[in-house]
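Worksheet: the structure to be examined is printed underneath.
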Amino acid sequence: MRRLPLNLLIGGVLITVLAAMALIGMVWTPYDPLAMNFAATLSPPSASHWLGTDEFGRDQLSRLMTGAGTSVRTSALTVLLAVSAGTLFGVVSGFMRGWPDRIIMTLNDVLLAFPGLLFALGLLAVLGATEGGIILSLGLIYMSSVVRVVRGTVLGLRAREFVEASAVMGNSRLYTMWRHVLPNCIAPLTVLATSICGWAMLAESSLSFLGLGVAPPSPTWGNMLSGSRAFLDQAVWLVIFPGLSISASLLGINLLGDALRDMLDPRMRIRA
Amino acid sequence: MLRFALARLAMAIPTLLLVAVTVFVLIRLIPGDPAAMMLGDASDAQGLAALRERLGLDRSIPEQFLIWASLLLQGDLGKSIVSGQDVLPTILDRFSVSVQIVIPAVLLATLVAVPMGMFAAWKQNSLRDISLVSCATLMLSIPAFWMGMLLLLLFGLKLRWLPVVGYVNFSEDPKAAFVYLILPVATLFLHEVGVILRMARASTLEVLNLEYITHARAKGLPESAVMWRHAFRNAFGPTWTLLGLILGNLLAGVAIIETVFTIPGLGRLLVDAIFARDYPVIQGCLLFIASIYILVNLVVDLLYPIFDPRIAAQ
């Protein structure tokens with residue numbers, strides 16, 4: 001309990017900084033993130049370029065701000081896809097049982113049979129490495145855990161009196177699902193959505209780093225880091241700042257996730 | 001015990017089949033002639049006709065799957081479009097490289113993180129617990145590729161203690177091979193320590209709240225006996241299961257570390273194949289990694305009763 005406010009505080013601050021960076025980056029950046037300036041290549045942080053420039057003289061702060069937008073957008077859309085589709089399938093599966101349940105769970109088992117990113121890599125090989133392809137493949141693999149959690153919660157709720165009472169009162173199954181079952185899934189879903197947000201952000205930057213993400217010259221934190229490898233011994237700032245951005249964002253999400261879990265799921269409070 | 005093992009084994013077989021069907025469908029989703037795709041060269045009319053015949057592309061889809069699956073069971077995964085070499089030997093070769101990084105890193109991380117996690121749980125909410133958990137959370141928030149680059153920068157370029165990048169085979173020069181593996185293994189180790197420590201702490205805390213622990217303390221057992229004899233065996237289960245998942249995930253995820261340190265491992269093989277649209281290799285890697293994942297988790301589950309005999313008795 002004592003750690004709770006600190007988690008929330010640090011996590012909240014880090015996420016606010018990330019969101020601000022992404023939002024401001026959408027409307028304004030100090031320089032054009034794509035504009036090359038061969039008079040100032042690989043220049044260290046200075047008054048004119050706060051975080052230095054890369055091998056083409058592009059301003060790193062501007063590129064980080066644009067990259068923050070990409071990171072936030074892809075993770076948010078991935079979470080949206082995973083949670084909405086996963087909740088739909090999970091509720092249908094858990095509430096209807098029978099053949100819909102069997103079909104959904106078999107398909108879900110297919111997704112779970114592949115380790116982590118492997119299925120996403122396979123899909124990207126088919127779909128092509130675009131932002132849409134990344135969101136679709138990551139959304140699909142994270143959907144499988146949403147389906148499982150929602151289905152489990154719904155199965156527990158089905159036998160509860162208030163759900164039975166709703167049926168006895170003559171409410172339709174659809175109304176009962178919407179009014180009585182779904183609201184009770186929100187707490188576990190919030191905790192899971194926070195985790196998925198972190199996984200998606202890490203996955204997006206990892207894929208970018210591998211060259212399977214949003215293609216250069218569009219800046220992402222992953223492809224900036226990947227590009228900096230050639231200048232490891234000349235331009236430390238190109239290694240430090242993109243990595244710091246990713247790590248600080250992930251730390252923020254992880255801390256926030258811990259705090260949320262402590263608040264929303266008292267049974268799991270003792271978990272770290 | 002035997003019934004438990006057989007039941008678990010029977011569960012693994014449909015999963016393997018599901019994986020095979022999925023990969024088959026995934027590859028067939030790619031527009032175009034599967035034979036031309038597998039050959040990488042549509043102009044070779046003779047080779048194309050031969051492969052179409054071999055894959056049975058003029059027959060129905062279920063028949064095509066059976067032909068494909070029987071080739072698979074014979075270990076025939078086709079030839080790489082890029083190198084022309086057989087896919088399976090290439091994969092096995094690269095797999096042996098990745099294993100040298102993944103196994104030592106996960107083993108070391110477990111040996112360090114489990115006692116630390118148990119210690120943190122034992123001292124719950126003390127300053128030492130909070131600092132351990134905070135360090136773990138920090139470690140797992142740092143992506144492996146950045147951690148790898150930072151270690152490279154510090155130990156390779158600034159201090160010049162270790163070679164920067166590369167790989168040497170153990171059979172050629174064991175000492176050099178070991179030196180080259182230090183940084184990649186350390187990178188993975190630092191990341192996994194965070195994950196495992198948090199899990200070990202959480203599951204130990206759950207066990208420490210149970211009555212039999214209170215009873216063990218009440219009868220005057222020293223704390224070390226309470227922790228190791230009573231808490232450890234029941235608390236290690238979830239961590240043991242997590243280890244199976246980590247090992248499987250790393251086989252695909254290790255591509256990142258192999259990229260940072262330019263190591264010719266399995267992950268890099270898959271990523272390069274995706275770039276080159278080398279579909280036989282992509283298909284082979286997907287099948288191989290998913291099968292290893294299922295196998296590792298099977299072994300983990302079969303060994304579980306050693307720690308917790310209740311599982312087999314149920």
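The values are calculated or read from the model by the stated rules, or taken from the named source; none is laboratory data. Since the model is a prediction, treat every value here as computed from it, not as a measurement. Ideal geometry is used to build each Cβ from the backbone, glycine not excepted, and the neighbour counts take in all protein chains shown. Surface areas here come from the heavy atoms of the whole protein model, side chains and all, with no ligands, DNA or RNA. Shrake-Rupley method; radii C 1.70, N 1.55, O 1.52, S 1.80 Å.
Remarks
- Every residue from the stretch B:292-307 that is more than 10 Å from every other protein chain (Cβ to nearest Cβ) and either surrounded by 15 or more Cβ atoms within 10 Å (Cβ to Cβ) or at pLDDT 85 or above (or both): B:Leu295, B:Leu298, B:Val299, B:Val300, B:Asp301, B:Leu302, B:Leu303, B:Tyr304, B:Pro305, B:Phe307
- Residues in the stretch A:230-268 that are within 7 Å of chain B (Cβ to nearest Cβ), assigned to a helix (DSSP H, G or I) and open to solvent by 40 Å² or more (accessible area, probe 1.4 Å): 1 in all.
- Comparison of B:Gly237, B:Gly248 shows that the only residue that is small (Gly, Ala, Ser), over 27 Å from B:Pro31 (Cβ atoms) and more than 10 Å from every other protein chain (Cβ to nearest Cβ) is B:Gly237.
- Output for the stretch B:22-59, where each listed residue is within 26 Å of A:Ile104 (Cα to Cα) and surrounded by fewer than 14 Cβ atoms within 10 Å (Cβ to Cβ): B:Val25, B:Leu29
- Qualifying residue in the stretch A:185-200 (condition: among the hydroxyl-bearing types (Ser, Thr, Tyr), more than 30 Å from B:Val25 (Cβ to Cβ) and open to solvent by 40 Å² or more (accessible area, probe 1.4 Å)): yes
- Any hit, the stretch B:122-129, residues being within 12 Å of chain A (Cβ to nearest Cβ) and outside any loop (DSSP other than H, G, I, E, B): yes
- Here B:Ile67 fulfils each of the conditions (1) open to solvent by less than 60 Å² (accessible area, probe 1.4 Å); (2) under 22 Å from A:Ala125 (Cβ atoms) apart from (2).
- With respect to (1) within 14 Å of chain B (Cβ to nearest Cβ); (2) over 30 Å from B:Arg201 (Cβ atoms), the lone exception for A:Ser206 is condition (2).
- Filter pass, A:Pro219 being surrounded by fewer than 24 Cβ atoms within 10 Å (Cβ to Cβ) and either in contact with a Leu (Cβ under 8 Å, 6 or more places away or on another chain) or part of a helix (DSSP H, G or I) (or both): no
- Out of B:Thr239, B:Thr204, one residue alone is touching a Phe, Trp or Tyr at 6+ places or on another chain (Cβ under 9 Å) and not hydrophobic (A, V, I, L, M, F, W, C). It is B:Thr204.
- Cβ-Cβ contacts under 7 Å between residues 6 or more apart (or on different chains), taken from a first residue in the stretch A:20-47 that is touching a residue at least 60 places away in the same chain (Cβ under 8 Å) to a second residue that is among the hydrophobic types (A, V, I, L, M, F, W, C) and assigned to a loop (DSSP other than H, G, I, E, B), are listed as A:Leu42/A:Ala235; A:Pro45/A:Leu51.
- Flag if B:Gly267 is crowded, with 21+ Cβ neighbours inside 10 Å, closer than 30 Å to B:Trp228 by Cβ and within 10 Å of chain A (Cβ to nearest Cβ): no
- Between B:Pro62, B:Pro14, the distinction of being exposed (fewer than 11 other Cβ atoms within 10 Å of the Cβ) and under 21 Å from B:Leu286 (Cα atoms) belongs to B:Pro62 only.
- Scanning the stretch B:139-157 turns up no residue that is assigned to a helix (DSSP H, G or I), more than 26 Å from the chain's Cα centre (by Cα) and under 30 Å from B:Leu205 (Cα atoms).
- The helices (runs of 4 or more DSSP H) found entirely in the stretch B:164-280 that carry 1 or more residues being among the aliphatic types (A, V, I, L, M) and under 25 Å from B:Phe95 (Cβ atoms) are B:174-208, B:232-260, B:266-276.
- Subset tally (residues that are over 17 Å from A:Leu250 (Cα atoms) and surrounded by 20 or more Cβ atoms within 10 Å (Cβ to Cβ)) for the stretch B:130-147: 1
- Those residues of the stretch A:205-216 which are outside any helix (DSSP H, G or I) and either open to solvent by less than 10 Å² (accessible area, probe 1.4 Å) or of a type in the set (Phe, Trp, Tyr) (or both), in sequence order: A:Leu212, A:Gly213
- Qualifying residue in the stretch B:82-95 (condition: open to solvent by less than 60 Å² (accessible area, probe 1.4 Å) and at pLDDT below 90): yes
- Scan of the stretch A:216-262 for residues that are of a type in the set (Lys, Arg) and closer than 20 Å to A:Met36 by Cα, ordered by number: A:Arg229
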